[in-house]
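Asker: So that we are looking at the same thing, I have put the structure below in structure tokens.
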Amino acid sequence: MTLRKSLVFASAALLLPAGGLRAEVTAPAVFFKQAPGSDYYLASYTDYAAYLRKLATESDRMKLIEIGQTSQGRPQLVAVVSSPANLARLEDYREIARKLAKAKGVNEAEARALAARGKAIVWIDAGMHASETTTAQGQIQVLHKMLSRSDAETMRLLDECIILFAHDNPDGMEMISDWYMRHADPKKREFSTLPQLWQTYVGHDNNRDSFMSAMKETENVNRALFREWFPQIVYNQHQTGPAGMVVFVPPFRDPFNFNYDPIVMSQLNEVGFAMQSRLIAEGKPGAGSRSAARYSTWHNGMERSVAYFHNSIGLLTEIIGGPTPTNVPLVPSTQLPRADELMPVTPRDWHLQDSLDYQWSLNLAVIDYAARNRERLLFNIWRMGANSIEKGSRDSWTITPGKVERLAEAAPLKATGTDEYNRPAAAGPKKIEPGLYTSLMQQPAERDARAYVIPAAQPDLPTAVTFLNALIKNGVDVERAEAPFQAGGKTYPAGSWLVRTAQAYRPHILDMFEPQDHPQDSQYPGGPPQAPYDITGYTLAYQMGIRFDRLLDGVEGHFSAVPDLMAPPPGHITGHGGAGWLVPHDTNNSFILTNRLLKAGVKVAWIAGDTKAAGHRLAPGAIWVPATATSRPILERAVSELGIDAFAAGEPGGPAMPLRPMRVGLVDHYGGLISSGWTSWLLEKFEFPYRKVYAKRLDEGHLEKDFDVLLLTDGALPAKGAWGESHPARQPEASDTPAQWQPMLGHVTDEKTLPALKAFALQGGALIALGSSTRLVQALDTPLRPALARTVDGQDKMLEKKAFYIPGSILRARVDPRQPLAYGVPDKVDVFYNQAQTFIYDDAATGIDKAAWFDGRATLRSGWAVGQEKLAGTTAIAQVVVGKGRLVAMAPEVAQRAQSYGTFKFLFNALQENPAVGPVVKSHH
Ligand SMILES: [Zn+2]
């Protein structure tokens with residue numbers, strides 16, 4: 001931490017003015033090419049950054065810091081705004097905020113004293129979703145006002161608060177502004193036809209990465225929030241507002257995640273209502289909350305919601321507007337005031353400056369709340385941290401929907417309805433059986449973990465390190481055992497890791513290790529399920545296939561704090577003098593080794609059966625690396641840097657699959673397909689060579705000239721029939737598209753693209769399909785059929801949601817690890833599944849290798865599943881012969897948002913498998 005600290009302040013010092021301060025700060029209208037906030041104009045990030053640098057030289061109310069670089073190498077700037085006196089003591093205030101947020105070793109009296117001395121720290125960011133242009137444009141005006149106004153309110157806010165005005169996605173602001181401003185004629189300006197994702201790799205999913213922190217931008221923000229600045233409020237600004245309204249403002253609808261401290265939600269409600277009150281008092285109508293939109297507080301993947309798991313008040317607003325004038329449409333149902341929409345807005349024209357005026361009010365409302373409640377905010381973040389530490393230090397029980405259901409079934413007091421005062425109308429026995437609650441809700445075996453142990457013995461140790469790094473990036477304290485220790489009846493080796501729950505960020509820890517038990521959430525009693533906001537189950541330890549133990553009692557031993565992100569511990573080469581080495585297929589990093597060897601021309605092979613090397617038994621799929629002058633340094637470097645093991649061995653006998661470099665085409669669309677973007681990030685991380693391929697090239701056919709493998713992620717082939725329905729995104733006219741983007745234009749269609757894909761497979765190509773693209777099993781006439789289908793008017797449809805609905809959950813799948821597609825995967829694995837089609841086929845069908853399937857009627861591990869029994873016996877992942885080639889169809893999202901490390905191997909195997917060899921092992925049905 002100290003290292004980071006000095007880095008931040010070194011950069012801040014560099015950006016500080018050398019000489020005296022000028023009395024006036026430059027107005028945006030003077031600095032920019034056109035006044036930010038005026039119609040048909042978007043300032044770029046380059047100009048935004050230049051303006052911030054200018055302000056930093058002019059104002060003594062601001063320090064400019066850089067929290068890291070973006071994917072494209074731009075600096076991610078944060079303007080720290082407060083009174084000059086506070087800025088002079090910034091380090092002290094940051095330390096107070098840290099002590100109170102971490103709460104460790106701080107008693108109540110000390111917390112009160114620190115809260116009295118400290119300043120409220122408020123994070124307000126902009127630009128996360130770059131197409132939501134108002135927020136970053138508005139921040140320019142907000143900054144200028146905060147630095148130039150001298151009214152009583154501004155001075156009070158500056159005295160009481162330290163505000164971090166941050167930018168989440170500099171690359172996107174640059175791209176969107178450039179694209180919008182490319183036309184000289186304002187009436188032609190638009191950004192809906194942007195050729196690429198506005199955050200490299202992930203686009204809109206940049207706000208689904210918070211607990212994983214895979215992207216640089218997320219890592220930068222999380223470090224600032226939970227390791228360096230510890231704001232009590234995190235305000236994340238978005239677009240667009242509910243139809244017929246201007247802006248969505250907190251509070252949020254249910255469900256509410258049971259892991260976090262209730263003070264988070266009660267204070268969130270306070271701030272939300274303060275925001276609404278300010279708008280109303282200023283005569284700004286049209287704010288809606290709770291039922292006005294779908295946002296809930298369940299999912300840990302978003303910036304404003306990851307804050308809850310860190311005892312910080314996460315706020316989200318969603319406002320209308322943009323540089324091109326628009327309007328508030330007439331939506332009659334919004335016109336009557338109600339609890340969730342106190343002051344309806346009359347339909348009217350709308351300009352960018354209107355949005356910016358609201359944004360200023362909302363920013364002020366949040367800062368004013370923080371100023372007026374400074375001591376309470378500081379004290380309460382300590383209180384929440386202290387609550388966490390206390391819960392993690394004694395027996396405690398988390399109340400989950402499942403446990404409440406159990407209670408409801410057993411409790412004698414059963415209401416059959418309510419009277420007008422909402423009392424149970426037909427109350428059961430008045431007397432509650434003593435001990436019932438305790439016996440059902442506080443079973444000793446169901447105590448919350450005091451700690452989680454990640455043993456050093458893991459089939460995929462480097463992945464366990466990546467998991468721990470995701471926790472560390474989120475401010476969680478991790479310890480390493482310096483000596484063997486005993487706990488829960490087991491002995492753990494030195495080098496094992498311990499994550500204690502007696503720490504402030506306990507809610508985050510529980511959420512990463514334990515199932516998300518999502519409540520049944522129907523649109524009305526007995527009605528169809530209500531769609532969640534995003535997904536419902538994401539337990540990271542499950543998704544990453546981490547082996548861990550829960551310790552229900554305190555643990556003693558010799559542990560040291562892990563100070564920062566870790567590299568995987570070096571692996572070992574066991575034995576020597578063989579013709580080469582065998583490398584287990586268990587680690588994801590082994591694919592990096594194989595890719596490096598293939599690139600260098602080394603003849604690598606997969607061994608089909610069990611093998612032995614240097615006294616060790618290796619499971620099917622062991623990677624044979626012949627010892628050559630080329631292979632030796634590559635292998636030795638990989639063992640030491642990537643944490644993989646190798647065993648000296650003689651030339652293996654028995655069946656083996658020789659590998660060769662594959663020419664991989666990753667299908668993408670004009671504008672960027674998010675699933676394809678995440679996949680490209682993953683391919684680069686694991687050093688798979690690939691090229692992007694678009695509809696135009698696919699439709700030209702003769703794909704075998706350029707590719708061995710084509711990878712179609714969810715959405716690459718539009719959904720139809722039993723796969724649902726999806727529609728192509730808007731594209732510009734070719735005549736209106738710069739030459740460099742023209743090859744990307746066009747749509748993947750059944751008419752032109754499918755015949756080309758079929759011809760490619762028939763001639764020996766490999767197709768890998770995920771999500772909606774698994775429709776290829778039907779389109780290419782394979783024996784695989786959709787399992788979750790019904791027929792309506794002779795047309796295939798997905799099952800009705802009332803009968804089957806699994807909106808993003810973790811399920812347990814069975815695996816045949818002797819299949820090359822499943823090499824290195826355990827025989828039971830947790831898969832991320834999001835309402836995707838699974839497969840069935842006739843017993844007589846041939847040419848099918850089944851790698852994973854759902855077995856039994858209850859496969860849910862984390863999240864929410866309606867009708868999960870419908871998956872029983874259906875195939876999840878299979879390879880099917882198509883002519884001389886093959887199709888790999890995967891229903892689970894095996895590369896879900898670069899999180900599901902436990903199932904990456906299905907994809908990686910499919911990419912490295914040699915299609916010329918054909919199946920090595922036959923399926924056993
Ligand atoms: Zn957004």
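The values are calculated or read from the model by the stated rules, or taken from the named source; none is laboratory data. The shown structure was predicted, so the numbers you read here are calculated from the model rather than taken from an experiment. Ideal geometry is used to build each Cβ from the backbone, glycine not excepted, and the neighbour counts take in all protein chains shown. Calculation scope for accessible area: heavy atoms of the full protein, side chains included, ligands and nucleic acids excluded. Shrake-Rupley method; radii C 1.70, N 1.55, O 1.52, S 1.80 Å.
Asker: Out of all the residues in region 659-670, is one or more part of a helix (DSSP H, G or I) and touching a residue at least 40 places away in the same chain (Cβ under 8 Å)?
Answerer: Step one: of region 659-670, the residues part of a helix (DSSP H, G or I) are none.
The answer is no; no qualifying residue exists.
Asker: Restricting attention to region 332-347, does a residue exist that is open to solvent by 10 Å² or more (accessible area, probe 1.4 Å), within 16 Å of the ligand (Cβ to nearest atom) and over 30 Å from Thr438 (Cβ atoms)?
Answerer: no
Asker: State all residues of region 773-790 that are open to solvent by less than 10 Å² (accessible area, probe 1.4 Å) and assigned to a helix (DSSP H, G or I); if no residue qualifies, say none.
Answerer: Ser773, Thr774, Leu776, Val777
Asker: Return yes or no: is Glu725 within 30 Å of Pro462 (Cα to Cα), without any contact (Cβ under 8 Å) to a residue 40 or more places away in the chain and within 29 Å of the chain's Cα centre (by Cα)? Give the derivation first.
Answerer: Numbers: within 30 Å of Pro462 (Cα to Cα): no; without any contact (Cβ under 8 Å) to a residue 40 or more places away in the chain: yes; within 29 Å of the chain's Cα centre (by Cα): yes.
In short, no.
Asker: Among the residues of region 170-225, what is the count of those that are over 15 Å from the mean Cα position of the chain (by Cα), among the hydrophobic types (A, V, I, L, M, F, W, C) and assigned to a helix (DSSP H, G or I)? Spell out how you get there, then give the answer.
Answerer: First, pick out the residues of region 170-225 that are over 15 Å from the mean Cα position of the chain (by Cα): 170-198, 223-225.
After this cut, where a residue has to be among the hydrophobic types (A, V, I, L, M, F, W, C) as well, the list is 173, 175-176, 179, 181, 184, 191, 194, 197-198, 224-225.
So of that shortlist, the ones also assigned to a helix (DSSP H, G or I) come out as 173, 175-176, 179, 224-225.
Counting residues in region 170-225 that are over 15 Å from the mean Cα position of the chain (by Cα), among the hydrophobic types (A, V, I, L, M, F, W, C) and assigned to a helix (DSSP H, G or I) gives 6.
Asker: Filter region 446-477 down to residues that are more than 24 Å from the chain's Cα centre (by Cα) and acidic (Asp, Glu) and give me whichever is farthest from Gln543 (Cα to Cα).
Answerer: Glu446
Asker: Give me the residue from region 79-128 that is among the acidic types (Asp, Glu) and touching a residue at least 40 places away in the same chain (Cβ under 8 Å) and, out of that set, surrounded by the most Cβ atoms within 10 Å (Cβ to Cβ). Spell out the reasoning first.
Answerer: To start, the set of residues in region 79-128 that are among the acidic types (Asp, Glu) comprises 91-92, 95, 108, 110, 125.
The next check asks that each one be touching a residue at least 40 places away in the same chain (Cβ under 8 Å); those that pass are 91, 108, 125.
Numbers: Glu91: 10, Glu108: 11, Asp125: 24.
Taking the candidates together, the pick is Asp125.
Asker: Would you confirm whether any residue within region 175-184 is open to solvent by less than 20 Å² (accessible area, probe 1.4 Å) and within 16 Å of the ligand (Cβ to nearest atom)?
Answerer: yes
Asker: Take residues that are under 29 Å from the mean Cα position of the chain (by Cα) and at negative phi and tell me which of the strands (runs of 3 or more DSSP E) falling wholly in region 481-584 contain 1 or more. Steps first, answer last, please.
Answerer: Working: elements: 485-487, 490-492, 497-500, 549-551, 559-561, 580-583.
Once the strands (runs of 3 or more DSSP E) in region 481-584 are filtered for at least 1 residues that are under 29 Å from the mean Cα position of the chain (by Cα) and at negative phi, what remains is 497-500, 549-551, 559-561.
Asker: Determine, yes or no, whether His167 is within 22 Å of Gly68 (Cβ to Cβ), surrounded by fewer than 20 Cβ atoms within 10 Å (Cβ to Cβ) and within 16 Å of the ligand (Cβ to nearest atom).
Answerer: Working: within 22 Å of Gly68 (Cβ to Cβ): yes; surrounded by fewer than 20 Cβ atoms within 10 Å (Cβ to Cβ): no; within 16 Å of the ligand (Cβ to nearest atom): yes.
Criteria not met by His167.
Asker: So if I check each of Ser305, Ser291, which one is under 18 Å from the mean Cα position of the chain (by Cα), touching a residue at least 12 places away in the same chain (Cβ under 8 Å) and either outside any loop (DSSP other than H, G, I, E, B) or closer than 30 Å to Lys102 by Cα (or both)?
Answerer: Numbers: Ser291 fails: under 18 Å from the mean Cα position of the chain (by Cα).
Step by step, each of Ser305, Ser291 is checked, and only Ser305 is under 18 Å from the mean Cα position of the chain (by Cα), touching a residue at least 12 places away in the same chain (Cβ under 8 Å) and either outside any loop (DSSP other than H, G, I, E, B) or closer than 30 Å to Lys102 by Cα (or both).
Asker: Those residues that are closer than 23 Å to Ser726 by Cβ and not in a loop (DSSP other than H, G, I, E, B), I need them from region 841-874; list them, please.
Answerer: From region 841-874, those closer than 23 Å to Ser726 by Cβ are 863-867, 870-871, 874; that's our starting set.
Matches in region 841-874: Gly863, Val866, Lys870, Leu871.
Asker: Taking strands (runs of 3 or more DSSP E) that fall entirely within region 45-159, which contain at least 2 residues that are within 16 Å of the ligand (Cβ to nearest atom), farther than 30 Å from Ala502 by Cβ and under 27 Å from the mean Cα position of the chain (by Cα)?
Answerer: Working: elements: 62-69, 75-81, 120-126.
Counting at least 2 such residues, we get 120-126.
Asker: If only one of Gly771, Gly746 is under 32 Å from the mean Cα position of the chain (by Cα) and under 22 Å from Tyr841 (Cα atoms), which one is it?
Answerer: On the way: Gly746 fails: under 22 Å from Tyr841 (Cα atoms).
After applying the criteria, what remains is Gly771.
Asker: Next up: Answer with yes or no whether Ser6 is in a helix (DSSP H, G or I) and either at pLDDT below 95 or within 17 Å of Gly127 (Cβ to Cβ) (or both).
Answerer: Details: in a helix (DSSP H, G or I): yes; either at pLDDT below 95 or within 17 Å of Gly127 (Cβ to Cβ) (or both): yes.
Answer is yes for this residue.
Asker: I've got another one for you. If I filter region 605-621 down to residues being surrounded by 24 or more Cβ atoms within 10 Å (Cβ to Cβ) and more than 32 Å from the chain's Cα centre (by Cα), which single residue comes out as farthest from Tyr901 (Cα to Cα)? Show your work before the answer.
Answerer: First, pick out the residues of region 605-621 that are surrounded by 24 or more Cβ atoms within 10 Å (Cβ to Cβ): 606-607, 613, 621.
Keeping just the survivors that are more than 32 Å from the chain's Cα centre (by Cα) gives 606-607, 613.
Details: Trp606: 21, Ile607: 23, Ala613: 27 Å.
Going through the qualifying residues, I end up with Ala613.
Asker: Considering only residues that are open to solvent by less than 10 Å² (accessible area, probe 1.4 Å), part of a loop (DSSP other than H, G, I, E, B) and under 19 Å from Gln359 (Cα atoms), look in region 246-283 and name the one that is farthest from the ligand (Cβ to nearest atom).
Answerer: Selected residue: Pro251.
Asker: Out of (1) open to solvent by less than 20 Å² (accessible area, probe 1.4 Å); (2) more than 16 Å from the ligand (Cβ to nearest atom); (3) touching a residue at least 12 places away in the same chain (Cβ under 8 Å); (4) not aliphatic (A, V, I, L, M), what's the single condition that is false for Gln196?
Answerer: (1)
Asker: Right, something else. Within region 216-230, can one find any residue that is among the β-branched types (Val, Ile, Thr), within 16 Å of the ligand (Cβ to nearest atom), closer than 30 Å to His508 by Cβ and modelled with pLDDT of 95 or more? Give the derivation first.
Answerer: Let us first name the residues in region 216-230 that are among the β-branched types (Val, Ile, Thr), namely 218, 221.
Then drop every residue that is not within 16 Å of the ligand (Cβ to nearest atom), which leaves 218, 221.
Filter once more, keeping what is closer than 30 Å to His508 by Cβ: 218, 221.
Next, only the ones that are modelled with pLDDT of 95 or more stay: 218, 221.
The answer is yes; a qualifying residue exists.
Asker: Still on this model: Is it fair to say Gly554 is touching a Ser or Thr at 6+ places or on another chain (Cβ under 8 Å), open to solvent by 40 Å² or more (accessible area, probe 1.4 Å) and closer than 24 Å to Val829 by Cβ? Even if it seems obvious, please write down each step before you answer.
Answerer: Values: touching a Ser or Thr at 6+ places or on another chain (Cβ under 8 Å): yes; open to solvent by 40 Å² or more (accessible area, probe 1.4 Å): yes; closer than 24 Å to Val829 by Cβ: no.
No, not satisfied.
Asker: Would you tally the residues in region 795-832 being part of a strand (DSSP E or B) and of a type in the set (Val, Ile, Thr)?
Answerer: So in region 795-832, the residues part of a strand (DSSP E or B) come out as 795-798, 805, 809-815, 828-832.
In the following step, the residues that additionally are of a type in the set (Val, Ile, Thr) were identified as 810, 815, 829, 831.
Of the residues in that region, 4 qualify.
Asker: Restrict the check to region 853-872 and report whether at least one residue is touching a Pro at 6+ places or on another chain (Cβ under 8 Å), farther than 18 Å from Gly537 by Cα and surrounded by fewer than 24 Cβ atoms within 10 Å (Cβ to Cβ). Before the answer, list the steps.
Answerer: Applying the first criterion (touching a Pro at 6+ places or on another chain (Cβ under 8 Å)) to region 853-872 yields 861-864, 866.
Still in the running and farther than 18 Å from Gly537 by Cα: none.
Looking for residues that are touching a Pro at 6+ places or on another chain (Cβ under 8 Å), farther than 18 Å from Gly537 by Cα and surrounded by fewer than 24 Cβ atoms within 10 Å (Cβ to Cβ), one finds none in region 853-872, hence no.
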